[in-house]
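Before any comments, here is the structure.
The values are calculated or read from the model by the stated rules, or taken from the named source; none is laboratory data. All values reported here derive from a predicted model rather than from experimental measurement. For neighbour counting, all protein chains shown are included, and Cβ atoms are generated from backbone atoms with ideal geometry for every residue, glycine included. Each accessible area value is taken on the protein alone, full model and side chains, heavy atoms only, with ligands, DNA and RNA left out. Shrake-Rupley method; radii C 1.70, N 1.55, O 1.52, S 1.80 Å.
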Amino acid sequence: MSDTETTETSLSSTDAPDGPDTAAAADSAAASAAPRAEADRDAAPQFVLPLVVRLEKTAPPARTDALETAARAVLVLLSDERARGEGEWAAAVRDWQDARIRKVVRRARGAEWRRAGALPGITVDGGSAEVRVFPPVPLDGWPKDLAKLQVSGTELDDPEPPAAPDPEAPVLWLSPELEMSAGKAMAQAGHGAQLAWWELSGAERESWRAAGFPLAVRTAEPDQWARLTRSGLPVVRDAGFTEIAPGSCTVVADHPALR
């Protein structure tokens with residue numbers, strides 16, 4: 001990825017629920033509704049969910065922490081009162097979910113990060129990562145302080161291999177078959193968290209939210225990945241705008257309530 005590219009990723013339209021008012025879905029598990037026709041989603045006005053990761057030169061976050069924090073940030077926004085019912089972000093969230101579910105991850109440091117923090121949004125802190133998520137914006141209508149931010153080709157690393165995940169906690173399993181940049185993988189983890197959220201009942205969502213959205217992001221072993229993709233758990237199929245082929249299975253959302 002060059003220094004001028006952004007990392008954009010989108011769920012395949014077959015993964016999204018019909019009529020996804022976030023508040024209504026939370027109360028009635030509407031996430032299990034039949035998917036909207038692909039042509040309808042493509043014809044709808046297109047929105048994107050911006051996420052910005054803080055990437056200081058001297059203290060970059062660990063890769064796994066960045067992925068987990070991005071996933072948690074998506075959940076925090078979806079569960080926020082401003083994104084539900086008649087909240088100030090609710091219409092934008094509904095419009096975003098009525099079209100292709102796009103997420104774009106960009107980076108900021110120093111003054112860029114401070115300017116991004118002044119815009120409406122929510123900052124989520126991980127162990128080493130900070131990610132700010134913003135309400136959806138039109139695909140061609142980014143705020144100027146976000147539009148000029150970039151995701152460079154700089155890769156994030158883990159200082160040591162991540163520990164095995166808690167078997168009782170939600171895990172977003174990454175495909176072992178695909179190479180993805182850190183920004184791309186952050187967006188995919190966000191997709192996986194969103195699919196799990198859609199599938200949960202209102203009570204299960206509230207329990208997860210009250211616990212602070214614990215989750216882990218790990219790369220599956222090849223034989224484990226084959227089982228996961230056949231398990232009936234939610235699977236992210238990327239629309240293929242960047243880095244990988246359309247329809248690629250990137251993440252399986254393994255929430256205990258869905259097993």
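Taking the highest mean first, how do the peptides 158-166, 185-193, 217-225 order by number of other beta carbon atoms within 10 angstrom per residue?
185-193, 217-225, 158-166
Given the peptides 233-244, 132-143, arrange them by the average over their residues of other C-beta atoms within 10 Å, most packed first.
233-244, 132-143
Taking the solvent-accessible surface of protein heavy atoms with a 1.4 Å probe, what is the per residue accessible area of the stretch 75-181 in Å²?
Values: 5160 Å² over 107 residues.
On a per-residue basis, the stretch 75-181 sits at 48 Å².
Using only the Cα atoms, work out Rg/Rh for the stretch 55-187, with Rh taken as the Kirkwood radius, to two decimals.
That ratio is 0.96, to two decimals.
P(r) tail for the stretch 131-259, what percent of Cα pairs lie past 18 Å?
Cα-Cα pairs of the stretch 131-259 separated by over 18 Å account for 60 percent.
Sum up the charges of everything whose Cβ sits under 12 Å from the Cβ of LEU119, counting Lys and Arg as +1 and Asp and Glu as -1, but leave LEU119 out.
Charge balance in the 12 Å sphere: +2.
Sort THR64, THR58, THR250 by heavy-atom solvent-accessible area, probe 1.4 angstrom, most to least.
Descending order: THR58, THR64, THR250.
Over all directions, the average projected area of the alpha-carbon convex hull for the stretch 191-230 comes to how many nm²?
Over every viewing direction, the Cα hull of the stretch 191-230 projects on average to 3.5 nm².
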